[in-house]
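Working notes for the structure below.
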Amino acid sequence: MKTGSKALLTGTGLVAAFALFFGFNVLVNNGLRDARIDLTEARLYTLSDGTRNVLKTIPEPITLRFFFSDKLAGNAPQLKQYGNRVRELLERYASLADGKIRLEVIDPEPFTEAEDRAVQAGLQGAQLPGGSLYFGLVGTNALDQQQTIAFFQADKEQFLEYDLTKLVYSLSNPTKPTVGILGALPLEYGPGGMMAAMRNQAQPYLILEQIKQFFQVKMLDPVKPEEIDEKISTLILAHPKDLSPQAQYAIDQYVLKGGRLIVFADPYSETMAAMPNPMTGRPMPGGDQSSLLPELFKAWGIEVAPNQFVADLALAQRVQTGRSGAAAVVDYVPWLAIPGERLSRDDVVTAELTQINAASMGSIRKLDGATTTVTPLITSSNQAMLMDVKDLDGDPNPQALAEKFKPTGETYMLAARISGTVKSAFPNGAPPAERKDGEAPKAAAPHVVESAKPINVLLVADADLLDDRFWVRSQQMMGQNMYVPIAANADLLVNAIDNMSGSGDLIGLRSRGRSQRPFEVIDNMRRQAEQQFLARQKALEQKLETTQKQLADLQSKAQDQSNALLSAEQEAAMTTFRDDLLSTRRELRGVQRELNRDIESLQVLVKFINIGLMPLLAALVAVGLAIVWRQRRIRRALEG
């Protein structure tokens, strides 16, 4: 009876275990499908709150077609790994979008209709021995509007989430954002300003034409902009010189209400200094050419050094001067050619830019006690100093500025992103508006004392970089003017507007880490070992070179005496040289082996820890738990 009961209990237990296992899998597949644990340092596999908010607010369904040549990628393991990461991230997007994202994964094998679809969509193919490898994304919305990522580049992995979220947001909000422009720089008229427009000679700045290709542009009245339309997604201040208190108050309230602002403020605008006088037609050098907004900047927790510009010998542009009677090319320290190394690689606005050309840039400093976050976007080198703007009046002498230049060793912030909660620069409310006699006062909007959300301000301490002469060159081709960019100034502005015009969730996204991470300890060991053995290796290489030369000279003499026998001394010398040559080579190989020995040992240890030790520890833990569980069963059986 006991045996039968025991068998029955055992069978019932197996059935119950199977039912429990089946139920657990159903629960995991349905209820815990999106549950994940991200143990990476940079939280690579955890989507930001901004992305989640964008996915939750998709109004109409969109379709994402992910083209990835999976079979061809088998010959490129790193590319295949990155492709799997992109696919998993897209699947995560689709699962969080509540059915508003339809994801299609397509493998465009060579000479198939899928490959034709990839080509038709404008995707770029990478040539491999087996054919063209495609690795891109095509998104469409209900209006058949299309957004594409032509090829996912591994070196842009830190911006992968931003690029995907931006594509989804653009498809969900297809209307072009409206950009407002306010300031003294006459972007819509050109260097001649209003007078040139009155003579039908206006030549708008090319950078304005670049903006109009991507955004709707609204030029604001610089005299009395007492209120900024809320429909303006991003406001650009292009050299905001001599703005009235009412205009500054309008900017203050616009920012506090959540408006996005891009400021090109200048301690000395060389463009405006070269602007012709409407009466004489000649430039008006001297005078105050600054466009700083000290009260607003103070409220935002920053300061731009007044009456000073950043001179930088390491970044100085080369200019031609003829002051000494003969033409000479010298470094002009006020004009900077800022390379990609001095642009932030962690911000989407500057990450892809190669060079920015600017003139007499200002220095941005975060104020003590400021509650805002000030993130540098562009910085000078440490071969820089602050110089007085008076040195730029009239016709500045490049050689005199170079002689006066003395670097401080300090790095200066030239452009920055500012965010955080701030208070109004006008604590007492709006300044009184100027009105004509008999004009009724306008109803004032409620005064905002403090920003409800963090502000979004991007400040560049220069307005001259918007001028055509600093970033583009004109060339004659077949009787027409062709404009060739020589710097990425226009890309900087378009990137900034593109980023600031998106949702607050999109602006809040920052660069992430890379899934492919180097072994920093091993790299440091390699560098230290190379420094340690470099002198020894160099000495051996010099000895090897000397020995080879002596042996070659002796062999040349032997060829000249081909009809005569070599002397015993010559034969002994050649034998000695050959032995030294072989010995030096062996010693050099020994140095190289010694260089790699410690590194290889550490690599073996790391591989053992990752591949062998961790699974072994997991197995030991499992065995230990099994032993404990078995002992408890035996104890309960004995007690029963």
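The values are calculated or read from the model by the stated rules, or taken from the named source; none is laboratory data. Owing to the predicted nature of the structure, the values given are computational and were not obtained by experimental measurement. All Cβ positions, even for glycine, are placed from backbone atoms using ideal geometry, and neighbour counts span all protein chains on display.
Out of all the residues in the stretch 178-221, which are at pLDDT below 80 and of a type in the set (D, E, K, R)? Of everything in the stretch 178-221, just one residue is at pLDDT below 80 and of a type in the set (D, E, K, R), namely Arg199.
Examine the stretch 344-352 for a residue that is assigned by TED's automatic domain parsing to the domain that holds Leu492, within 27 Å of Ala490 (Cα to Cα) and more than 21 Å from the chain's Cα centre (by Cα), and state whether such a residue exists.
Of the stretch 344-352, the ones assigned by TED's automatic domain parsing to the domain that holds Leu492 are 344-352.
With within 27 Å of Ala490 (Cα to Cα) added as a condition, the list becomes 344-352.
Checking the rest, the ones that are also more than 21 Å from the chain's Cα centre (by Cα) come to none.
For the stretch 344-352, residues assigned by TED's automatic domain parsing to the domain that holds Leu492, within 27 Å of Ala490 (Cα to Cα) and more than 21 Å from the chain's Cα centre (by Cα): absent.
If I filter the stretch 289-306 for residues that are among the hydrophobic types (A, V, I, L, M, F, W, C), surrounded by 19 or more Cβ atoms within 10 Å (Cβ to Cβ), assigned by TED's automatic domain parsing to the domain that holds Ala452 and more than 17 Å from Val457 (Cα to Cα), do I get at least one hit? No, the stretch 289-306 has no match at all. The single residue among Ala337, Ala299 that is more than 21 Å from Leu243 (Cα to Cα) and among the small types (Gly, Ala, Ser) turns out to be Ala337.
Which ones in the stretch 382-438 are among the polar types (S, T, N, Q) and farther than 30 Å from Arg260 by Cβ? So that I can check it myself, show each step before the final result.
We begin by selecting, within the stretch 382-438, every residue among the polar types (S, T, N, Q); these are 382-383, 397, 399, 408, 411, 419, 421, 424, 428.
Those that are among the polar types (S, T, N, Q) and farther than 30 Å from Arg260 by Cβ: Asn382, Gln383, Asn397, Gln399, Thr408.
Conditions tested, residue by residue: (1) of a type in the set (A, V, I, L, M); (2) at pLDDT 95 or above; (3) outside the structural domain of Ser344 (by TED's automatic domain parsing); (4) buried (at least 18 other Cβ atoms within 10 Å of the Cβ).
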{"position": "Arg92", "(1), (2), (3), (4)": "no, no, yes, yes"}
{"position": "Ile101", "(1), (2), (3), (4)": "yes, yes, yes, yes"}
{"position": "Ala118", "(1), (2), (3), (4)": "yes, no, yes, yes"}
{"position": "Gln124", "(1), (2), (3), (4)": "no, no, yes, no"}
{"position": "Leu128", "(1), (2), (3), (4)": "yes, no, yes, no"}
{"position": "Val138", "(1), (2), (3), (4)": "yes, yes, yes, yes"}
{"position": "Gln145", "(1), (2), (3), (4)": "no, no, yes, no"}
{"position": "Asp155", "(1), (2), (3), (4)": "no, no, yes, no"}
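Where strands (runs of 3 or more DSSP E) sit wholly within the stretch 312-391, those with at least 3 residues that are farther than 25 Å from Ser451 by Cβ occupy 316-321, 328-339, 355-359, 384-388.
Among the residues of the stretch 390-415, the ones that are more than 16 Å from Gln317 (Cβ to Cβ) and of a type in the set (A, V, I, L, M) come to 3 in all.
Give me the strands (runs of 3 or more DSSP E) completely within the stretch 125-206, filtered to those with at least 2 residues that are hydroxyl-bearing (Ser, Thr, Tyr), ordered by residue number.
Working: elements: 125-128, 131-140, 146-149, 178-182.
Once the strands (runs of 3 or more DSSP E) in the stretch 125-206 are filtered for at least 2 residues that are hydroxyl-bearing (Ser, Thr, Tyr), what remains is 131-140.
In the stretch 393-407, the residues that are over 14 Å from Phe309 (Cβ atoms) reach residues that are at pLDDT 90 or above and assigned to a loop (DSSP other than H, G, I, E, B) with C-beta atoms within less than 9 angstrom, at least six apart or across chains, in these pairs: Ala402/Leu313; Pro407/Leu313; Pro407/Ala314; Pro407/Ser381; Pro407/Asn382; Pro407/Gln383. Residue count for the stretch 61-87, restricted to those that are closer than 19 Å to Asp155 by Cα and without any contact (Cβ under 8 Å) to a residue 24 or more places away in the chain: 4.
Among residues of the stretch 450-465 that are in the same structural domain as Val422 (by TED's automatic domain parsing), those with a beta-carbon under 6 Å from a residue that is acidic (Asp, Glu) and crowded, with 21+ Cβ neighbours inside 10 Å at least six positions away or on a different chain give the pairs Asp462/Asp266; Ala463/Asp266; Asp464/Glu270.
Got at least one residue in the stretch 110-122 being within 27 Å of the chain's Cα centre (by Cα) and touching a residue at least 40 places away in the same chain (Cβ under 8 Å)?
yes
Kindly provide the set of residues from the stretch 327-343 that are within 22 Å of Thr408 (Cβ to Cβ) and in contact with a strand residue (DSSP E or B) (Cβ under 9 Å, 6 or more places away or on another chain), ordered by number. Quick ask: steps written out before the conclusion?
Let us first name the residues in the stretch 327-343 that are within 22 Å of Thr408 (Cβ to Cβ), namely 330-339, 341-343.
Across the stretch 327-343, the qualifying residues are Val330, Asp331, Tyr332, Val333, Pro334, Trp335, Leu336, Ala337, Ile338, Pro339, Arg342, Leu343.
Cβ separations smaller than 8 Å between residues 6+ apart or across chains give no pair from the stretch 205-221 residues that are on the phi > 0 side of the Ramachandran plot to residues that are assigned to a helix (DSSP H, G or I) and of a type in the set (Asp, Glu).
Which one of these is hydroxyl-bearing (Ser, Thr, Tyr) and modelled with pLDDT of 95 or more: Thr57, Thr63, Thr112?
One residue alone meets the criteria, Thr63.
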